[in-house]
Amino acid sequence: MERETRTERSRDLRQRQTYAENKLWQAIRGGRLDDLKFRRQHPISRYFADFACEKARLVIELDGGIHEDDDQASYDLVRQRAIEALGWFVLRFLNDEVVHELPKVLDAVKAQARLASTVTPHPPTQLR
């Protein structure tokens, strides 16, 4: 995907964010969560992560009702494995968890980010 196209796609996804994505973004943007810098709709390979922190190699994905569909769940798994193969850790939360249990979600993100700072990451692997 060309850089301009990726930028346009990222921008479009940010403009169409869900209520849960907006709520989480307000809590983590600008280093508000333990000084971690997250980006929204960050491109990783051919995918776009809902939220990504490069320093912690951490991706946060939010799942709404569509993710309960078998085809979508299969795609999500393939996508997650591809991102993980590039050396990222993926945390998944339901939209309802973000909306109704935000402190719990933020605690999980902080815990994973702290863990990332104490381990040596695996080098990226090649996907076949």
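The values are calculated or read from the model by the stated rules, or taken from the named source; none is laboratory data. Fair warning: this is a prediction, and the values are worked out from it, not measured in the lab. When we count neighbours, we look across all protein chains shown, and the Cβ atoms used for this are built from the backbone with ideal geometry, even at glycine. The area values use the complete protein model at the heavy-atom level, side chains included, leaving out ligands, DNA and RNA. Shrake-Rupley method; radii C 1.70, N 1.55, O 1.52, S 1.80 Å.
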### Task
Run the 1.4 Å probe and let me know the accessible area of Ile83, rounded to the nearest 10 Å².
0
### Query
In the stretch 21-57, which residues have a backbone nitrogen under 19 Å from the label point lying 7 Å from His100's Cα in the Cα-to-Cβ direction?
21-24
### Query
Ignoring ligands, DNA and RNA, what accessible area per residue does the stretch 34-100 give at 1.4 Å, in Å²?
54
### Query
In the full protein assembly as shown, how much of Ser74 is accessible to a 1.4 Å probe, in Å² to the nearest 10?
70
### Task
Pop out the carbon and sulfur fraction of the accessible area of the stretch 22-93 as a percent, whole number, probe 1.4 Å.
45
